[in-house]
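The values are calculated or read from the model by the stated rules, or taken from the named source; none is laboratory data. Because the structure is predicted, anything quoted here is derived from the model rather than measured. All Cβ positions, glycine included, derive from the backbone under ideal geometry; neighbour counts span all protein chains shown. Side chains included, ligands, DNA and RNA excluded: accessible areas come from the protein's heavy atoms. Shrake-Rupley method; radii C 1.70, N 1.55, O 1.52, S 1.80 Å.
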Amino acid sequence: MSLSTFSGVLASIPSPPNNSFPVGPLTIHYYALCIIAGIIAAVLLTNHRLTRRGAERWVVIDIAILAVPLAIIGARIFHVLTHPNFYFGPGKNTWNPFEPGSVWAIWEGGIAIFGALIGGAVGAWLGCRWTGIRFWTFADALAPGMLLAQAMGRFGNWFNHELFGLPTDLPWGLEIEQSNPAFPPGLAEGTLFHPTFLYEVIWNGLGVIFLLWAGKALRLQWGKLFALYLIWYSAGRIVWESIRIDPSEIILGLRSNVWAAIIGVIVGIVIIIVQTRRHPGVEPSPYMPGRAPKAEVQSDDPDSFVDVSEPPAEAINTGATATSTAPSIEEAAR
């Protein structure tokens, strides 16, 4: 990152001069590359964690095939619905994908993580039903990867010169050109703004470390680690949204995403309470009953994630007879 300096001291963070580059007839947007890189990182980390729990390697791909597209669709729909003035009304290009400003132009920015959580949760549930993986096992394995993906994706907002905060004279203020549609009228050219993208990158990065530690140290299962992710991310989002100045729908005096973040904290707390009461023990397997793969899958770290204790004695039916008998010598010789 190139940084403006004054007498060797950080003075401001410049916005990148370009948000895309050409490759033949195509235009590659840095925003899209950041999102794609985040998805890849989340898949790799989730695969590692899910495998340690005893799942087949790369089963996460089967789940991601459904979860990722639905997450992107949900993220875009949520953004459009919470920013209707951007896309609907006189003079707006609502539907033409070949002109700027349409509801389809996701490459211009404009996806909402809370919409991604809703759409992705539907896709993950369907993917888990398909593969036999427990939904909450997958959610816990995904939680740190989600924060990592969000941290990487926020750099896309930096390239797009968007989602900055209130004016500031702090030495890490973000440079935004006065021609930017979100630049507040009446402010002098050269005004610096809080780099909320960077605040989220740092917060989410710390969250990845915290979730990895908490999942191991506290043995959080049955969706409780994912709940902790919701609480961590949403709590930070409440703060960053409160200092952002880009246009947004205001509901009862608060930005729509602040309300979404408050709901995220509440949902996280509810999940922890409900799942703690419903499942006081450890997960018996990452697979739903009767859905384990035919080939034996060995967890890399079973003691930390999977209940490998012997079944209770009363669960063993000592009076059961074998379903087959060994062949006689005559039969074996046939």
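Brief remarks on what is shown
- Among the residues making up region 213-231, those that are in a loop (DSSP other than H, G, I, E, B) and not aliphatic (A, V, I, L, M) are Arg219, Gln221, Trp222, Gly223.
- The set of residues in region 109-138 that are modelled with pLDDT under 85 and either β-branched (Val, Ile, Thr) or in contact with an Asp or Glu (Cβ under 9 Å, 6 or more places away or on another chain) (or both) comprises Gly109, Gly110, Ile111, Ile113.
- Scanning region 239-255 for residues that are open to solvent by less than 50 Å² (accessible area, probe 1.4 Å) and part of a helix (DSSP H, G or I) turns up Trp240, Glu241, Ile243.
- Which listed residue, of Val267, Val258, Val208, is part of a helix (DSSP H, G or I) and touching a Pro at 6+ places or on another chain (Cβ under 8 Å): Val208
- Taking the criterion of being surrounded by 10 or more Cβ atoms within 10 Å (Cβ to Cβ) and part of a loop (DSSP other than H, G, I, E, B), the residues of region 175-193 that qualify are Ile176, Glu177, Gln178, Asn180, Ala182, Phe183, Pro184, Leu187, Gly190, Thr191.
- Scanning region 270-303 for residues that are open to solvent by less than 30 Å² (accessible area, probe 1.4 Å) and either part of a helix (DSSP H, G or I) or modelled with pLDDT of 80 or more (or both) turns up Ile271, Gln275, Glu283, Pro286, Tyr287.
- Which numbered condition Ile231 misses (of (1) without any contact (Cβ under 8 Å) to a residue 24 or more places away in the chain; (2) open to solvent by less than 60 Å² (accessible area, probe 1.4 Å); (3) under 16 Å from Ala260 (Cα atoms)): (1)
- Yes/no for Ser234 being polar (S, T, N, Q), outside any helix (DSSP H, G or I) and within 22 Å of Gly153 (Cβ to Cβ): no
- Looking only at residues of region 150-179 that are out of contact with any Phe, Trp or Tyr (no Cβ under 9 Å at 6 or more places or on another chain) and modelled with pLDDT under 95, we find that the one that is nearest to Ile111 (Cα to Cα) is His161.
Conditions tested, residue by residue: (1) open to solvent by 40 Å² or more (accessible area, probe 1.4 Å); (2) not β-branched (Val, Ile, Thr).
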{"residue": "Asn19", "(1), (2)": "yes, yes"}
{"residue": "Leu50", "(1), (2)": "no, yes"}
{"residue": "Ile61", "(1), (2)": "yes, no"}
{"residue": "Ala75", "(1), (2)": "no, yes"}
{"residue": "Phe78", "(1), (2)": "yes, yes"}
{"residue": "Trp107", "(1), (2)": "yes, yes"}
{"residue": "Gly119", "(1), (2)": "no, yes"}
{"residue": "Ala124", "(1), (2)": "no, yes"}
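- The listed residue being under 18 Å from the mean Cα position of the chain (by Cα) and within 29 Å of Gly236 (Cβ to Cβ), out of Ala105, Ala67: Ala67
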